[in-house]
Amino acid sequence: MLMTKEQYIESLRQMKTRVYMFGEQVENWVDHPIIRPSIECVGMTYELANDPEYADLCTAKSSYTGETVNRFTHLHQSTDDLIKKVKMLRLLGQKTASCFQRCVGMDAFNAMFSTTYEMDKKYGTNYHDNFNNFLKMVQENDFVVDGAMTDPKGDRGLAPNAQKDPDLFMHIVERREDGIVVRGAKAHQTGCINSHWHIIMPTQAMREEDADYAVAFATPTDADGIYMIYGRQSCDTRKLEEGADVDLGNAQFGGQEALVVFDNVFIPNEYIFMAGEYDFANMMVERFAGYHRQSYGGCKVGVGDVLIGAAALAAEYNGAQKASHIKDKLIEMVHLNETLYCCGIACSAEGQATEAGNYQIDLLLANVCKQNVTRFPYDITRLAEDIAGGLMVTMPAESDFNSDLVVGKNGETVGEICNKYFAAAPSCTTEERMRILRFIENMCLGASAVGYRTESLHGAGSPQAQRIMIARQGNLEAKKALAKNIAGIK
Ligand code: SF4
Ligand code: FE
């Protein structure tokens with residue numbers, strides 16, 4: 001069953017999710033001006049799924065029931081499904097110009113489905129059934145699920161069990177007949193507050209000594225003992241200014257990250273997907289990360305499309321659109337952006353069925369995709385800032401442009417003076433010029449920069465994480481053999 005955006009927002013109000021921001025508990029977080037744009041952004045995943053124009057991309061037939069489900073809750077059944085996923089994410093990036101958050105759950109579902117299958121095969125456990133029952137429930141209710149992997153990790157030089165504070169990695173503190181009790185936290189959790197459920201996964205490969213840290217499970221977001229501390233975004237308090245609009249750059253949509261704390265949370269047996277099988281932690285991490293690295297070949301490309309469009313408009317508004325260097329910079333931005341898309345499509349087209357039956361991306365190509373994403377959006381934002389000009393970061397506030405305060409000898413107001421001196425080409429009003437510059441500021445430096453620029457570096461794993469996978473998957477020995485063969489070396 002598909003939920004509507006309105007039903008989704010209403011469903012969040014029914015939850016008892018505990019949220020803290022600026023040192024205080026936020027009771028009505030659904031309507032909080034800092035949080036609401038991120039809810040609207042997830043809302044777009046519901047809106048598009050209900051729109052016949054986008055049904056093919058944004059919905060799928062459940063592999064369990066044959067019913068229509070939101071693609072964000074779907075298990076990929078083919079390379080076509082993998083490609084449609086990338087296209088759906090690009091579309092959503094184009095519609096929101098920010099991080100719409102729901103992909104982490106979809107990527108966790110697909111990694112968990114195949115990993116639990118292989119775990120059960122080795123250990124005779126019941127995790128795959130547990131997971132299937134959980135996902136069926138998610139599909140039926142069209143829930144948003146946070147796929148949570150990253151632990152705070154403390155001293156990076158020490159294993160989980162060797163940390164001074166054991167809570168720096170999520171771990172099992174008690175094993176009971178009816179379930180486990182877990183303790184720890186997950187950091188940088190995208191979309192965690194406005195998710196109905198969480199899927200928790202181990203953060204890295206584990207050894208035997210770390211068996212209690214090899215834990216995966218599902219839990220409702222408002223379970224007893226879970227709370228969240230909101231992550232700040234650049235320029236976030238602009239959202240608290242009365243009547244703020246132009247200065248927000250993107251007044252409608254935004255991303256969301258928070259620290260999710262698990263203060264001795266009870267997980268019933270039926271929601272456990274791993275509890276000590278440390279030799280499968282790495283598989284889960286590699287697969288989830290692979291899917292999420294594929295995701296970036298879609299979502300970041302969609303946001304890139306909007307940024308390129310905004311830069312082209314800024315050039316027009318400045319009257320500079322005919323300059324050859326501007327045209328060339330826009331070409332370079334398109335080239336970089338489409339290269340990322342090529343990677344997203346390629347790792348999908350080269351995908352293969354897992355033992356469990358769902359489809360997985362080509363891991364090497366997905367890691368190459370994300371490695372490029374750690375670089376190209378930086379070049380794209382540099383070019384956007386180049387084209388936009390310095391006014392993007394020096395112009396007065398919206399309230400100045402609207403001010404009636406008289407300052408001039410002939411009775412001119414602050415607003416009139418701002419509008420006079422920041423007017424540019426006749427193709428735009430001064431306000432339109434401000435709007436596009438603030439919008440570029442938002443994507444390059446402001447609230448959406450979390451989801452475009454810095455997240456391009458660290459989201460789905462920092463650059464070094466991909467290089468490790470590229471080293472593992474690159475098959476240097478086979479390449480040496482090719483060279484030896486042709487060079488005549490025995
Ligand atoms: Fe989805 Fe991209 Fe946000 Fe990750 S960064 S949750 S892939 S929109
Ligand atoms: Fe992300």
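Every read-out reported here was derived from the displayed coordinates using simple, explicitly stated rules and does not represent laboratory data. What you are looking at is a predicted structure, and each value in this text was computed from that prediction instead of being measured. Cβ atoms come from the backbone with ideal geometry, glycine included; neighbour counts cover every protein chain shown.
Taking a straight line from the alpha carbon of Lys409, these lysines sit under 28 Å away, with near neighbours fewer than eight places off in the same chain left out: Lys420. The separation of the range 369-395 from the range 217-272, counted between C-alpha centres, amounts to 27 Å. Summing charges over all other residues whose Cβ lies under 12 Å from the Cβ of Leu340, with Lys and Arg as +1 and Asp and Glu as -1, gives +2. Measure nothing fancy, just the Cα-based angle from helix 363-373's long axis to the longest principal axis of the chain, in degrees from 0 to 90, nearest 10. Tilt relative to the chain: about 20 degrees.
Of the GluC sites (Glu not before Pro) in the range 6-71, the ones in a loop by DSSP (not H, G, I, E or B) with at most 15 other beta carbons within 10 Å are Glu27, Glu67. Modelled this way, with points 7 Å down the Cα-to-C-beta line, the labels at Arg472 and Asn402 are 5.3 nm from one another.
Checking Cβ-Cβ separations below 4.7 Å across the chain identifies Cys41, Cys58, Cys99, Cys103, Cys192, Cys235, Cys299, Cys342, Cys347, Cys418, Cys428, Cys444 as cysteines lacking any candidate disulfide partner. Among residues other than Leu383 whose Cβ falls under 10 Å from its Cβ, what is the net charge (Lys/Arg +1, Asp/Glu -1)? Local net charge: -3. Among the listed pairs Lys327/Lys370; Lys5/Lys95; Lys95/Lys327, those with a Cα-Cα distance over 22 Å are Lys327/Lys370; Lys95/Lys327. Within the range 174-251, the GluC sites (Glu not before Pro) that combine a DSSP coil assignment with at most 14 other C-beta atoms in a 10 angstrom radius are Glu177, Glu241, Glu242.
Rounded to the nearest 0.05, the FRET efficiency derived from the C-beta distance between Tyr64 and Arg175 at R0 = 22 Å is 0.15.
When only Cα pairs below 8 angstrom with a gap of at least 6 residues are kept, the chain shows a relative contact order of 18 percent. With respect to the chain, whose longest principal axis is taken over its alpha-carbon atoms, helix 430-444 is tilted by about 30°. Count Lys and Arg as plus one, Asp and Glu as minus one, and take only other residues whose Cβ is under 9 Å from that of Ala447; the net charge is then +1. For Glu432 and Asn269, the difference between the fully extended length at 0.36 nm per residue and the C-alpha to C-alpha distance is 53.1 nm.
Ignoring aspartates and glutamates fewer than eight residues from Lys121 along the same chain, the ones with Cα atoms less than 20 angstrom from its Cα are Asp129, Glu208, Glu270, Glu277, Asp279, Glu286, Glu355. Placing pseudo-labels 7 Å out from each Cα toward the beta carbon at Lys490 and Met137 gives an inter-label distance of 6.6 nm.
For the range 263-301, the residues whose amide N sits under 17 Å from a probe point set 7 Å from the Cα of Arg207 along the beta carbon direction are 277-282. Reducing the range 154-182 and the range 441-490 to their Cα centroids gives an inter-centroid distance of 30 Å. With the simple spin-label model, which puts each label point 7 Å out from Cα in the Cβ direction, the Gln94 to Lys122 separation comes to 4.2 nm. Set the bar at 25 Å for Cα to Cα. Now go through Lys61/Lys87; Lys122/Lys480; Lys87/Lys153 and name every pair that lies beyond it. Long pairs (Cα-Cα over 25 Å): Lys122/Lys480; Lys87/Lys153.
Between Asp129 and Leu240, residue separation times 0.36 nm minus the direct Cα-Cα distance comes to 35.4 nm.
Take Lys164, project a point 7 Å from its Cα along the Cβ direction, then tell me which residues of the range 173-196 have their backbone nitrogen under 19 Å from it. Counting only backbone N, you get 184-185.
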